[in-house]
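Have a look at the structure below, then the notes.
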Amino acid sequence: MRLRDNASYETIEERTLSEADRKVGIEFDRVVWLGSKQKRSNFSKPMRIIQLHYYDERALLGHKRKSQDQKQQ
């Protein structure tokens, strides 16, 4: 799942990264409550967010992904 850039969350736990984690591009590993306290329901559960650095050379060269419509044709 991908979070939006403006997602609101409260960090419960910041998990320690190993050197191997850092080498593969993991920037952080957190357990969080999604949303604000006012909007959180009784059914919400903590979520784990793992952020990694991804470098896509194709995107920098102007390569565009095919839309669903183009794939079905």
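Every number in this text was worked out from the coordinates using simple rules, so none of it is lab data. Only a predicted model underlies this, so the values are computations on that prediction, with no experimental measurement involved. Note: ideal-geometry Cβ built from the backbone for every residue, glycine included; neighbour counts use all protein chains shown.
Computed quantities for the displayed model
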quantity	calculated
Selected residue [within 12 Å of the chain's Cα centre (by Cα), loosely packed, with under 13 Cβ neighbours inside 10 Å and either on the phi > 0 side of the Ramachandran plot or not in a strand (DSSP E or B) (or both)] from ARG48, ARG2, ARG22	ARG2
Residues within the range 25-45 that are more than 20 Å from ARG4 (Cα to Cα) and either surrounded by 14 or more Cβ atoms within 10 Å (Cβ to Cβ) or of a type in the set (Phe, Trp, Tyr) (or both), tallied	1
Selection count, the range 1-25, where residues are among the β-branched types (Val, Ile, Thr) and farther than 20 Å from PRO46 by Cα	1
